[in-house]
There are 2 protein chains.
Amino acid sequence: MNEEAAGSLRVLRLSHRPGRDDRMTTHVALTARAFGAEGVILPDSAGQAARTTEDITDRFGGPFAVEQVTDPQRVVRAHDGPVVHLTMYGEPLEEVLSAVRSALETAMGLIVVGGGKVPGAVYDRADWNVAVGNQPHSEIAALAVCLDRLQAGRWADRRWTDADRRIIPQASGKRVIGDGESAEYPED
Amino acid sequence: MNEEAAGSLRVLRLSHRPGRDDRMTTHVALTARAFGAEGVILPDSAGQAARTTEDITDRFGGPFAVEQVTDPQRVVRAHDGPVVHLTMYGEPLEEVLSAVRSALETAMGLIVVGGGKVPGAVYDRADWNVAVGNQPHSEIAALAVCLDRLQAGRWADRRWTDADRRIIPQASGKRVIGDGESAEYPED
């Protein structure tokens, strides 16, 4: 086990269809970053999502690692630590939460997010196949709630380094501090 | 106030670009359903997302209302109850959570999910502009975590009625009961 990485989490997006999945994969990666994962691993085909996530990290801070790999399934097989596969067919998150948290105390976890058909080998390798509700919804929603619960909300306390801009919470309207000045955030 | 609807929540998707937003809006609607909202209100242009959500409700159960409207901003203006607008510029969810929960005890809440540029009038009408982390990520992730926290996880206990099929949680693999028989869930 890599004890230096104990307690940390990486998120792996298992598959990606260029064009069709671009925004979904981008949201998976940004959700991983915002909710406390230390990095995301994307398929080679997800270059646009990788660039967008790196751009957000450059502007809003890190550290957050974006990696691209040719064979995401190989990452699952080779991972030296607990593997959590998010699937609506799995065991309810609440039932496995304390066991997963315990496993993460001594090793780096890998959270696997599907998309399209997931091979049986992934279900077999996973230490936990976890459902965030046994209903069809969204891998983005499942990832967010899973990360939130695993960390008991501690992602909210994270301090970001090397951020060019920072949002100042407002009861109404928008306030962004960027390069020492207040600025409007560009609309998408 | 409509006291019969006290404690219930509806989710409004404020804008939708056909084609580009189809999957995002579908995931917003399915996330609303899975995490305990009583219905979703979509723009007229989001017909595909509405049909997919109704199809999932037919198969996996309800009740869950899918409504389409010509003018989503009018829904915000006319809503007779607390309005929560999800935006990364807003106040941290944790800071407003107990106030929002109190307001929901006596009236139906409307959770507004943006997409594209959100007019200032929505920020002004909202009783709370709420950030699930002041970082750019995903409206789907924000909605899921907001619904989860507002209900303190009670969505997981929901019983679905008129479901043709039901997923039986498994430590590995897939099991779906449909029309009285075990069946594999079709891959997307």
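Per-residue mean of foreign Cβ neighbours for A:107-120 is 1 (Cβ atoms of other chains, 10 Å radius). In terms of its alpha-carbon gyration tensor, the stretch B:59-153 comes out rounded; the largest-to-smallest axis ratio a/c stays below the 1.5 threshold. Within the listed set B:73, B:48, B:170, the residue fluctuating most in the Gaussian network model of chain B (springs between alpha-carbon atoms under 10 angstrom) is B:170. Taking trypsin sites (Lys or Arg not before Pro) as exposed when DSSP calls them loop and at most 10 other C-beta atoms lie within 10 angstrom, chain A has its longest site-free stretch at A:1-116. Counting Cβ atoms of other protein chains within 10 Å of each residue's Cβ and taking the mean over peptide B:142-155 gives 4. Proximity of backbone amide H atoms, modeled 1.01 Å from N, is registered between residue A:130 and A:85, A:86, A:87, A:91 at under 5 Å, excluding neighbours fewer than 5 places apart on the same chain. Excluding same-chain neighbours fewer than eight residues apart, the lysines reachable from residue B:174 by a Cα-Cα span under 27 Å are A:117.
Computed over protein heavy atoms with a 1.4 Å probe, the accessible surface of the protein assembly as shown works out to 43 Å² per residue. Comparing A:37, A:156, A:171 in a Gaussian network model of chain A where C-alpha atoms under 10 Å apart are linked, the largest mean-square fluctuation is found at A:171.
Sparsely packed loop sites in the stretch B:90-180 (the GluC sites (Glu not before Pro) outside DSSP H, G, I, E and B with at most 12 other Cβ atoms within 10 Å) comprise B:105. Neighbours of residue A:43 by Cβ distance under 10 Å: Lys/Arg scored +1, Asp/Glu scored -1, total -1. Near residue A:32, once Lys and Arg are set to +1 and Asp and Glu to -1 for all other residues with Cβ below 14 Å from its Cβ, the sum equals -1. In the assembly of identical copies, residue B:77 has its label point, taken 7 Å from Cα in the direction of the beta carbon, separated from the corresponding points by 6.0 nm (ascending, one decimal). Put simply, chains A and B cover up around 4600 Å² of each other's accessible surface, both sides summed, when a 1.4 Å probe is used.
The mean number of Cβ atoms from other chains found within 10 Å of a Cβ in peptide B:79-92 is 3, as a whole number. Given a Förster distance of 41 angstrom, what is the FRET efficiency for residue A:161 paired with residue A:70, based on the Cβ-Cβ distance and rounded to 0.05? It comes out at approximately 0.85. Looking at the stretch A:41-188, send over the antiparallel percent of its DSSP beta bridges, to the nearest 5. Rounded to the nearest five, the antiparallel share is 35 percent.
The values are calculated or read from the model by the stated rules, or taken from the named source; none is laboratory data. These numbers were taken from a predicted model, which means no experiment stands behind them. Positions of Cβ are generated from backbone atoms using ideal geometry, with glycine treated the same way; all protein chains shown enter the neighbour counts. For accessibility, only protein heavy atoms count, side chains too; no ligands or nucleic acids. Shrake-Rupley method; radii C 1.70, N 1.55, O 1.52, S 1.80 Å.
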